[in-house]
Structures are given as C-alpha cells and as structure tokens.
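Below is one structure, written out as structure tokens; comments come after it.
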Amino acid sequence: MRSSDGHRFTADKLFETLENWDNLLKSRVHLIGCGGTALTLLGLKESTKDIDFIVPNPGEYDRLVRFLKGIGYQEAAGDLTHQDDPYFIYQLWRGKRVFTTELLDSPLETGKHIMIREYHRIYLGALNLVDLIITKMFRGTHVDVEDSVAAFSTGQVDPEELLDRYSETALYDLQPEKMMANFMVLVDKLASRQLVSQDFLRRVRSLL
C-alpha cells in the first residue's frame, strides 16, 4: 500500500521519527535523503509521500535494517512499514545505488551531500542537487521532471557540471540513449523557463 495524498511526511515529522530511532539505536548510522525526501529536507517541497534514504556504508545498512525490524518494521517488496504508521513507506538504498541509478561516487564524499542535522547516533544529510537531479531524471516521470526543475531553480546547480556528470553517469546505464533523452526533456523545460541558455540547449541536442 502506497501512501495517499492525505498521508504525507513533512520535514518536522521526519525529524521526530529520526529522533525516536536515535534514542533506540546502539550504533552510528549515516542517512542521506534522496528523491522527494531530499527535496523536503531542503525545503524545496512541503512534504513527501515516501521516505527514501541512502545508507552509503554497507555495514550500517545491515545494522539499520536489523534494528528497524527489531522495533516492529515489516519488509515487503523492499519497502519497510510500521503498523503504527501504515501509510508511510520507507525505502533504504545500500551503498551508492538510488532507485535504478548507480551514482559515480559515495554520497558521503566531500561535496556529494548537504548536511541537514546530526543526532547522537544518526547523521542526516540530503543528496547534493546535481546527483539528486540525475537520479530523478533517470526515472524521468512527470513528477521527476518538475522536481528537477525545482532543484535547478535554486540557482545552485551549474548546468555544465550537471551535463558532464549526467553524461558520465549515463555511460554506465544499460540504456544510455534513453537516459540522455530524459535529460533533453529536462533541458527543454529549463530553456522554456529561461533557466539555461539557447546555446546550452543546442549543445545538449547535439549529443543525442
């Protein structure tokens, strides 16, 4: 069961949940928000339907999953839910994979995430905006495009850096042409809103 529009996680609700986890955890864990979770943590969306975290350290991932199951979370089809909050879906991504995308670098490397909050045991960050856009556009749904526009609209994303990193990441995908076509959809949208130049638009088209 996926969460409905009436059941969404705000940043405050997420902080409250993580504080509860932190009080029970016995070991340290690094959580990097991705997808809509990252956008919510960064204040770019009011709320998120599902809660997505990258756990870059494999050992921390394994311990966290055991911990969550030990306090009543149940796993189904890769998702975790709790009977006290059955509408909220948690997805944990191990290492540097997000959805169907393998990131070039660990999100824990310098510059690859934005620090949000540090608890006693939990370190909470959000995926950097460039990699966030890449993971969104590799899926490429309408919502992903709009979320990517919102991330780009912050003025904190260098289009040249985004193009270089997106192109390199696409080389490792099973369908690199499709991934670049997805990127073209985003660039068209950005150009229509005058967020990138026509020259940039032409250069991206020339790569297809």
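Over 14 Å apart: what share of the alpha carbon pairs of segment 131-206 falls there, rounded to a whole percent?
56 percent
How big is the dipole moment of segment 59-196 about its Cα centre under a simple scheme where the beta carbon of each Lys and Arg is +1, that of each Asp and Glu is -1, and everything else is neutral? Debye, nearest 20, please.
Here the size comes out at about 340 debye.
Can you give the relative contact order of segment 129-208 as a percent, counting alpha carbon pairs under 8 Å and 6+ residues apart?
Relative CO of segment 129-208 lands at 29 percent.
Taking the chain, how much of its Cα-Cα pair set, in percent, is spaced more than 29 angstrom apart?
Percentage above 29 Å: 25.
Thinking of segment 11-127 as a set of Cα atoms, what percent of all their pairs are more than 20 Å apart?
Everything past 20 Å amounts to 36 percent.
In the chain, which longest range has no trypsin sites (Lys or Arg not before Pro) that are both DSSP loop (not H, G, I, E or B) and surrounded by at most 14 other Cβ atoms within 10 Å?
Of all site-free stretches, the longest is 29-192.
Do you know the relative contact order of segment 62-208, to the nearest whole percent, from alpha carbon pairs under 8 angstrom that are 6+ apart?
13 percent
Work through the residues other than Thr40 whose Cβ is under 11 Å from its Cβ and net out their charges, Lys, Arg +1 and Asp, Glu -1.
Combined, the nearby Lys, Arg, Asp and Glu give -1.
Taking the chain as the reference, fit the longest principal axis to its C-alpha atoms, fit the long axis of helix 11-24 to the helix C-alpha atoms, and give the angle between the two in degrees, 0 to 90, nearest 10.
40 degrees
Could you pull out the longest piece of the chain with no exposed loop chymotrypsin sites (Phe, Trp or Tyr not before Pro) in it, calling a site exposed if DSSP puts it outside H, G, I, E, B and it has at most 16 other Cβ atoms within 10 Å?
Longest gap between qualifying sites, sites excluded: 1-98.
Does anyone have the angle between helix 176-192 and the longest principal axis of the chain? Alpha-carbon axes, 0 to 90°, nearest 10?
80 degrees
Since every read-out is calculated from the coordinates, none of them should be taken as a lab result. This is a predicted model, so every value here is computed, not measured. So basically every Cβ, Gly included, is an ideal-geometry build from the backbone, and we count neighbours across all protein chains shown.
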